[in-house]
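The values are calculated or read from the model by the stated rules, or taken from the named source; none is laboratory data. A quick note: this is a predicted structure, and the numbers were derived from the prediction, not measured. Note: ideal-geometry Cβ built from the backbone for every residue, glycine included; neighbour counts use all protein chains shown. Side chains are part of the model used for accessible areas, which takes the heavy atoms of the whole protein and leaves out ligands, DNA and RNA. Shrake-Rupley method; radii C 1.70, N 1.55, O 1.52, S 1.80 Å.
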Amino acid sequence: MTEIQMPGNAFDLLLAGNQRFVSGTPEHPNQDAARRTETAPSQQPFAVVFGCSDSRLAAEIIFDRGLGDLFVVRTAGHVAGTEVLGSIEFGVSVLNAPLVVVLGHDSCGAVAAACAALEDGRTPGGFVRDVVERVTPSVLAARAAGRETAEEILAEHIEHTVDLLLERSRVLAERVADGRLGVVGLSYRLADGSAELVAARGLGAAAPTAS
């Protein structure tokens, strides 16, 4: 594997962009006409980002990246169905991205709705209900472990999603096992723009899980 294809290096590249965004010194790489021309025939993203659909969570902006860098999949509450799994597997097995990122954030409406549904027994109508029901197991697991704060529940949901991807996708699990893929969970803070590591699989000891 080349340097950029190593999971740890891809993760470092992603975090470096987030640090530039937080500090207010973005470089806006790969966003010019030359990059547009370069990527027109094919794409080689260095990371698959599976994040919440929240309008404040635009991956290319918060990680200071450009065209062809990130393969982005988004759903409300980053709930994962078959379409999501297929899209992530495409980014990994066809496009050879060495990193998958589950990106959650504070003040997540889906997590808040799942908490409210457990407290008052009322769930939203339509297909929004399906989203809330898919988040509910994370809330229950957090509370069973004595994790009651919004931050703790969010971290549980992010880690649950990371593990769910590896449990349901043999493609992802095998690549993590043989060192070709890292799967991480990041918690994004809306106020300051920082992305904190809360779960890591396949990165080794160099990427400690945040407390």
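Accessible area per residue for the stretch 50-198 in Å², computed with a 1.4 Å probe and the full protein assembly in place, what is it?
43
If a paramagnetic tag sat 7 Å from the Cα of Thr25 along the Cα-Cβ line, which residues of the stretch 44-67 would have the backbone N under 20 Å from that point?
61-66
State the percentage of accessible surface on the chain attributable to carbon and sulfur atoms; use a 1.4 Å probe and exclude ligands, DNA and RNA.
With neighbouring chains kept in place, the figure for the chain is 52 percent.
Once you have a ≥ b ≥ c as the square roots of the Cα gyration tensor eigenvalues for the stretch 93-211, tell me rounded if a/c is under 1.5, and otherwise prolate or oblate according to whether a/b is larger than b/c.
It comes out prolate by the Cα gyration axes.
Between the stretch 59-91 and the stretch 153-192, what's the alpha-carbon centroid distance in Å?
Taking the Cα centre of each part, the stretch 59-91 and the stretch 153-192 sit 12 Å apart.
Do any trypsin sites (Lys or Arg not before Pro) in the stretch 46-119 lie in a loop, going by DSSP, with at most 12 other beta-carbon atoms within 10 Å of their beta carbon, and if so which?
Taking the stretch 46-119 and a limit of 12 other Cβ atoms within 10 Å, the loop trypsin sites (Lys or Arg not before Pro) found are Arg56.
Given a Förster radius of 41 Å and the C-beta distance between Arg35 and Asp192 as r, what FRET efficiency does 1/(1 + (r/R0)^6) yield to the nearest 0.05?
For Arg35 and Asp192, the calculated efficiency is 0.90.
In sequence order, what are the phi-derived ³J(HN,Hα) couplings for the stretch 181-192 according to the Karplus relation 6.51 cos²θ - 1.76 cosθ + 1.60 with θ = phi - 60°, rounded to whole Hz, with x for glycine and proline?
9, x, 10, 10, x, 10, 10, 9, 9, 4, 5, 10
Can you give me the distance in nm between label points at Gln43 and Glu174, each placed 7 Å from the Cα along the Cα-to-Cβ direction?
2.4
Top mean-square fluctuation among Ala200, Ala34, Ala47, Gaussian network model of the chain, C-alpha springs under 10 Å?
Among Ala200, Ala34, Ala47, the largest mean-square fluctuation in the Gaussian network model of the chain belongs to Ala34.
When the chain is modelled as a GNM with alpha-carbon springs shorter than 10 Å, which of Pro26, Pro98, Pro41 fluctuates the most?
Evaluated over the chain, the most mobile residue of the options is Pro41.
Of [x] 33; [y] 24; [z] 29, which one was derived for percent of Cα pairs over 26 Å apart from the structure shown?
So the structure-derived entry is [x].
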